[in-house]
Amino acid sequence: MLGDRTYDLTSRPLVMGILNRTTDSFYDKGAYYDFEAFLRRADEIVGEGADVLDVGGVKAGPGPEVTEAEELERVIPAIEALRARFDLPIAVDTWRASVARAAYGRGAVLGNDISGFADRDYLPAAAEAGAAVVATHIRLAPRVPDPEPTYDDVVGTVTGFLVERAQRARAAGIPAERIVLDAGLDLGKTWQQSVELLGASDRLSRLGYPLLLSASNKTFLGRLLELDIDQRSDASLAAAALGVSLGCRIVRAHDVKGTRRVCDTLAAVLEAA
């Protein structure tokens, strides 16, 4: 459930359109930091078939500090504007409980937290607002370099982490139908570990919660195929197709039009089967 909407994810995946209000996003390099450019991009991805709009004000990787006040200034007016323009669920991509709480107060219904709920107030804020949450695996923390992560069993470690975080969310009062899991590709993983986790999506999708795939234009695809950041579109769509075929049911994407086509094609095949 996202807000008051209930989705049947048996065969039809949701496409989560990425909307960054950052100056240094790894992909768009701040192209949508300007508010009018941000709104134009929102118009584009809604027209391309986005089911969910994911608004973020701080990139995941290392970079200049973004204070809480700066993040609020980037994110909250954007969410207010989207809420006024579109009848779609809005996610806030933040690991700060204070930002998430403010976003819920402006109409966001999903907290997309790549820190694995490191902020102890994050889950209470979501529970109080009736919001859904994304539990994401990360080895260290957002914005902290982790160039050589090691695991005895990356799939087993990520599985255990996500199960524990889902249990923590339920204990905080968030029902199972409002909990989403994300393996955290590229977040404290080598490119080979991210490839392995993508291939294990079927195992993760059987944990009892919707599985979110965030592979769009990521480093592991570039390293796998020796592609620069602006050359990874086809690889991103291939990753989306594989992920959906293995059980992912929310696909976070820069290329909403292409991802929508991939998801609709696979939905037709899954329904026919």
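The values are calculated or read from the model by the stated rules, or taken from the named source; none is laboratory data. For clarity, every value in this text was computed on a predicted model and none was experimentally measured. Don't worry about glycine lacking a Cβ; one is built from the backbone with ideal geometry, like all the others, and counts go over all protein chains shown. For accessibility, only protein heavy atoms count, side chains too; no ligands or nucleic acids. Shrake-Rupley method; radii C 1.70, N 1.55, O 1.52, S 1.80 Å.
So the check is Cβ under 7 Å with 6+ separation or different chains; which pairs have a first residue in the stretch 54-75 that's in contact (Cβ under 8 Å) with a residue 40 or more places away in the chain and over 9 Å from residue 94 (Cα atoms) and a second one that's among the acidic types (Asp, Glu) and not in a loop (DSSP other than H, G, I, E, B)?
The qualifying pairs are 54/93.
List the residue pairs whose Cβ atoms are under 9 Å apart, where the first residue sits in the stretch 8-27 and is without any contact (Cβ under 8 Å) to a residue 24 or more places away in the chain and more than 20 Å from residue 47 (Cβ to Cβ), the second is in a loop (DSSP other than H, G, I, E, B) and β-branched (Val, Ile, Thr), and the two are 6 or more positions apart or on different chains.
23/66
Residues are listed down the side, and each one gets a yes or a no for (1) within 22 Å of residue 189 (Cβ to Cβ); (2) modelled with pLDDT of 95 or more; (3) among the β-branched types (Val, Ile, Thr):
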site	(1), (2), (3)
53	no, yes, no
61	yes, no, no
65	no, no, no
80	no, yes, no
83	no, yes, no
94	yes, yes, yes
97	no, yes, no
105	no, yes, no
110	no, yes, no
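Quick one: which residue in 244, 180 is part of a helix (DSSP H, G or I), of a type in the set (Val, Ile, Thr) and surrounded by 15 or more Cβ atoms within 10 Å (Cβ to Cβ)?
Exactly one of 244, 180 is part of a helix (DSSP H, G or I), of a type in the set (Val, Ile, Thr) and surrounded by 15 or more Cβ atoms within 10 Å (Cβ to Cβ), namely 244.
Please tell me if residue 233 is surrounded by fewer than 19 Cβ atoms within 10 Å (Cβ to Cβ) and closer than 15 Å to residue 27 by Cα. Show your work before the answer.
On the way: surrounded by fewer than 19 Cβ atoms within 10 Å (Cβ to Cβ): yes; closer than 15 Å to residue 27 by Cα: yes.
Yes: the conditions hold for residue 233.
Answer yes or no: is there a residue in the stretch 124-142 that is in contact with a strand residue (DSSP E or B) (Cβ under 9 Å, 6 or more places away or on another chain) and without any contact (Cβ under 8 Å) to a residue 40 or more places away in the chain.
Within the stretch 124-142 (the criterion being in contact with a strand residue (DSSP E or B) (Cβ under 9 Å, 6 or more places away or on another chain) and without any contact (Cβ under 8 Å) to a residue 40 or more places away in the chain), the answer is yes, since at least one residue qualifies.
For residue 208, indicate whether it is touching a residue at least 12 places away in the same chain (Cβ under 8 Å), at positive phi and either in a strand (DSSP E or B) or out of contact with any helix residue (DSSP H, G or I) (no Cβ under 6 Å at 6 or more places or on another chain) (or both). Write out each step before concluding.
Values: touching a residue at least 12 places away in the same chain (Cβ under 8 Å): yes; at positive phi: yes; either in a strand (DSSP E or B) or out of contact with any helix residue (DSSP H, G or I) (no Cβ under 6 Å at 6 or more places or on another chain) (or both): yes.
So residue 208 passes the test.
Limited to the stretch 148-175, what total is found for residues that are assigned to a helix (DSSP H, G or I) and open to solvent by 30 Å² or more (accessible area, probe 1.4 Å)?
Pass one, the stretch 148-175, residues assigned to a helix (DSSP H, G or I): 154-171.
This time we only want the ones that are open to solvent by 30 Å² or more (accessible area, probe 1.4 Å), so: 157, 160-161, 163-165, 167-168, 170-171.
Final tally of qualifying residues: 10.
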